[in-house]
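Here's the structure we're looking at; comments come further down.
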Amino acid sequence: MVKVCVIGAGVSGLASIRWCLQEGLDVTCYEKRPLVGGLWCLEDEASRLDANNPIDIECRPYATCYTNDDKEAYSFSDFRFPKDAPIYIPRRKVGQYLEDYVDHFHLRPRIKLNTSVIKVKCISNGPEWQVTTKPVTDTSHVATTEMFDAVIISNGFMNRQYIPDIKGLDAFKGRISHTGDYYRPDVFRDRNVLIIGGSSSASEVASDISRETSQAYLSARNGLWPLNRLYGGIPAETLPIWSRYTTWRYNVSELDKVYGGGVRKRFNFKDYSMEPKRGLLRMAIAIGDEIEFRIAAGALKMKGEVKEITETGAIFQDGSRIDDIDDIVFATGFNPSAEFLDDDLGTLETMDLYKHMIPVNDDSRSLFFIGIANVLGPNIPTFELQARIAARVISGKLELPSKAVMQRILEEDRSRLRERFGNELVEYEKLEWYPPYIESLADILGVRPTPWRIFLLYFTDPKLAYELMFGRPLPVSYRLYGPHSNWDEARKGVMESKENLMIPLRTVKYDEETNGVKNGVKNKVVAASIVVGMSAILLMYKFDKLPFISLFIKSL
């Protein structure tokens, strides 16, 4: 039996274990924490279990953290949140969800907790990989070595805090920290705090901190794209920009104009001193539901790029300065790290990774990085698809493209990212726009609801075809076709998705007017019929299935 080593038992690691077992592989996972879940680990419980063994954690969700993505998007394809779960999940419930996932698929016997990986080395003869580990609590420095046929590195992209080199930072006399360490705002009570960063963590943590501070400041070098989780009472990820059709039909520049223009209608960004320097899909976004109110309330003030740090404050590129800063909190993200890799393998910074997961130069196709892609969207389904690909390749059931083809696709992907991010490519080289990226993974695995599959589905199941075409790429939709498919379960998941989001909100019963309901249903059926017909035509036009239709539409 093929032996597989999985490093890390967070989201990506758990998905890797589950799908390796599905493919009949003998898998062993090493996790340095005393509990599974990665950054969602039930930390309070972990501390209770091992109070004498402090865990070196580079990132943890803060006390009031919720998922950025709704429960239908932020879930595994075959293990969804309960219908009565809230739309957005608090941190502890995510941790419990992952614990339940482990028990549901009987993963626990495969996981060795409190175990650090010291070295991963490629061996040319015999088993492919030599993995050296040791217990976290062992002070005797006794290490154990085991041989594996394949290695999946799934320790995530949030395992090494990044703090930029800013002039004068070493001279600052106050406290310096990172959002990866942030938990509660009370430690900043009655202090002046400067938060540096422009992503979701910057927006959310700055808003949270400003509840307790004397004054909070947020320095965003490139301005800010503030996005609410909800638009019109529904999750933002149910908007058309996330749909398959939108992804197929429009390029990034067009989406920037449409979606960015819609976001700008909320308020004047310049009035709030957060005017972004780049388009919405060309920089990190800041998901958060409070930042404009915290600014309007005076608790939080926006600032531009920091030029220099002084002993007691900061000087900004626009010439302004603050001279009474007590704390600096960096919300500047993380870098993935795999320091246990043998020197002969190189580093993550130097490796050419096909789809951010497979080393192009690894002829053995037995080394995989799951979970280091930073997607603009839900990461659970992304990492799950990566894990499914890895497990199929290791089991010999999926053949990857040749090295030359993978290198060509990698260069095309880099060119696309370079067009999006320009000179800041290095900073954003692993930041992928979710819909096209996850569809590309689904293509590799053979599970994507392709335009042709959807077109044919219009003749047998038009309602499902409509949801697949104009709805977002839900995790469960990648169980309709190809390996691991379960048509009935997947169809049910797709069709129930919107209703499941609303179920936990409906806590009051209202009397419905029968006629109104009937008329509403009738109108929806008529509208759906028209849309389905138009959709089929648009599909054929887009993919040149009927040339005369293409000519007709282009003439309009």
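The values are calculated or read from the model by the stated rules, or taken from the named source; none is laboratory data. Being a predicted model, the structure only gives us computed values, none of them experimental. Virtual Cβ from ideal backbone geometry, glycine too; neighbours counted across all protein chains shown.
Could you count how many residues in region 90-107 are touching a helix residue (DSSP H, G or I) at 6+ places or on another chain (Cβ under 7 Å) and either assigned to a strand (DSSP E or B) or free of Cβ contacts under 8 Å to residues at least 12 places away in the same chain (or both)?
So in region 90-107, the residues touching a helix residue (DSSP H, G or I) at 6+ places or on another chain (Cβ under 7 Å) come out as 91, 94-95, 98, 101-102, 105, 107.
Add one more test, that the residue is either assigned to a strand (DSSP E or B) or free of Cβ contacts under 8 Å to residues at least 12 places away in the same chain (or both), and what stays is none.
Qualifying residue count, region 90-107: 0.
Residues in region 235-282 that are among the β-branched types (Val, Ile, Thr) and more than 19 Å from Leu376 (Cβ to Cβ): there are none. Just checking, how many residues over region 111-136 are more than 30 Å from Cys65 (Cα to Cα) and either outside the structural domain of Ala15 (by TED's automatic domain parsing) or not hydrophobic (A, V, I, L, M, F, W, C) (or both)? The number of residues fulfilling the criteria is 12.
Residue by residue, here is whether (1) touching a residue at least 60 places away in the same chain (Cβ under 8 Å); (2) in the same structural domain as Gly37 (by TED's automatic domain parsing); (3) within 21 Å of Thr67 (Cα to Cα) holds:
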| site | (1), (2), (3) |
| --- | --- |
| Glu384 | yes, yes, yes |
| Ile394 | yes, yes, no |
| Arg418 | no, yes, no |
| Tyr434 | yes, yes, yes |
| Phe459 | no, no, no |
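Scanning region 204-263 for residues that are in contact (Cβ under 8 Å) with a residue 60 or more places away in the chain, aliphatic (A, V, I, L, M) and crowded, with 19+ Cβ neighbours inside 10 Å, we see that the one that is nearest to Lys498 (Cα to Cα) is Leu227. The condition of being of a type in the set (D, E, K, R) and more than 17 Å from the chain's Cα centre (by Cα) holds for only one of Glu411, Glu432, that being Glu411.
For region 70-102, taking the residues that are of a type in the set (Ser, Thr, Tyr) and closer than 15 Å to Gly38 by Cα, the one that is surrounded by the fewest Cβ atoms within 10 Å (Cβ to Cβ) is identified as Tyr101. Within region 148-171, the set of residues being touching a strand residue (DSSP E or B) at 6+ places or on another chain (Cβ under 9 Å) and more than 24 Å from Ala15 (Cβ to Cβ) comprises Gln161, Tyr162, Ile163, Pro164, Ile166, Lys167, Gly168, Leu169, Asp170, Ala171.
Taking region 206-246 as the range and being assigned to a helix (DSSP H, G or I) and of a type in the set (Val, Ile, Thr) as the test, the residues that pass are Ile209, Thr238, Ile241, Thr246. One residue stands out among those in region 308-331 that are farther than 19 Å from Ser214 by Cβ and free of Cβ contacts under 8 Å to residues at least 40 places away in the same chain: the one that is surrounded by the most Cβ atoms within 10 Å (Cβ to Cβ), which is Ile315.
Please go through region 465-478 and give me each residue that is surrounded by 22 or more Cβ atoms within 10 Å (Cβ to Cβ) and not hydroxyl-bearing (Ser, Thr, Tyr), ordered by number. Quick ask: steps written out before the conclusion?
Restricting attention to region 465-478, the residues satisfying the condition of being surrounded by 22 or more Cβ atoms within 10 Å (Cβ to Cβ) are 465, 467-469, 472-478.
Result: Ala465, Glu467, Leu468, Met469, Arg472, Pro473, Leu474, Pro475, Val476.
The lone criterion from (1) assigned to a helix (DSSP H, G or I); (2) over 20 Å from Asn379 (Cα atoms); (3) among the aliphatic types (A, V, I, L, M) left unmet by Ala490 is number (2).
Does region 468-480 contain at least one residue that is touching a Phe, Trp or Tyr at 6+ places or on another chain (Cβ under 7 Å) and more than 18 Å from Thr238 (Cβ to Cβ)? If you could, list the steps in order and put the result at the bottom.
In the first step, residues of region 468-480 are kept if they are touching a Phe, Trp or Tyr at 6+ places or on another chain (Cβ under 7 Å); the result is 469-470, 472, 475, 480.
Remaining after also requiring more than 18 Å from Thr238 (Cβ to Cβ): 480.
For region 468-480, residues touching a Phe, Trp or Tyr at 6+ places or on another chain (Cβ under 7 Å) and more than 18 Å from Thr238 (Cβ to Cβ): present.
Out of everything in region 477-505 that is in contact (Cβ under 8 Å) with a residue 12 or more places away in the chain and among the aliphatic types (A, V, I, L, M), what residue ends up being farthest from Leu456 (Cα to Cα)? Per the stated criteria, the residue is Leu505. From the list Leu457, Leu425, Leu445, Leu410, pick out the single residue that is under 30 Å from Asn222 (Cβ atoms) and either modelled with pLDDT under 85 or in contact with a Leu (Cβ under 7 Å, 6 or more places away or on another chain) (or both). None of the other options fit; the residue is Leu425. Evaluating Thr132 against the criteria (1) modelled with pLDDT of 95 or more; (2) surrounded by fewer than 19 Cβ atoms within 10 Å (Cβ to Cβ); (3) farther than 20 Å from Ser366 by Cβ leaves one unmet condition, (3).
Looking at the structure I just gave you, is Tyr62 aromatic (Phe, Trp, Tyr), assigned to a loop (DSSP other than H, G, I, E, B) and either under 26 Å from Gly471 (Cα atoms) or modelled with pLDDT under 95 (or both)? Talk me through it step by step, then tell me what you get.
On the way: aromatic (Phe, Trp, Tyr): yes; assigned to a loop (DSSP other than H, G, I, E, B): yes; either under 26 Å from Gly471 (Cα atoms) or modelled with pLDDT under 95 (or both): yes.
Taking the combined requirement at face value, the residue satisfies it.
Against the list (1) at pLDDT below 95; (2) assigned by TED's automatic domain parsing to the domain that holds Pro61, the condition Arg108 fails is (1). Could you check, for region 136-155, whether at least one of its residues is over 18 Å from the mean Cα position of the chain (by Cα) and closer than 20 Å to Asn374 by Cα? Yes - at least one qualifying residue is present in region 136-155.
Filtering region 342-380 to residues that are surrounded by fewer than 22 Cβ atoms within 10 Å (Cβ to Cβ), within 23 Å of Ile89 (Cβ to Cβ) and aliphatic (A, V, I, L, M) leaves Val375, Leu376. Taking strands (runs of 3 or more DSSP E) as the structural unit, those lying wholly within region 366-467 and holding at least 1 residues that are of a type in the set (S, T, N, Q) correspond to 374-376.
The criterion of at least 2 residues that are of a type in the set (D, E, K, R) and in contact with a strand residue (DSSP E or B) (Cβ under 8 Å, 6 or more places away or on another chain) is met, among strands (runs of 3 or more DSSP E) falling completely within region 257-355, by 300-303, 306-309.
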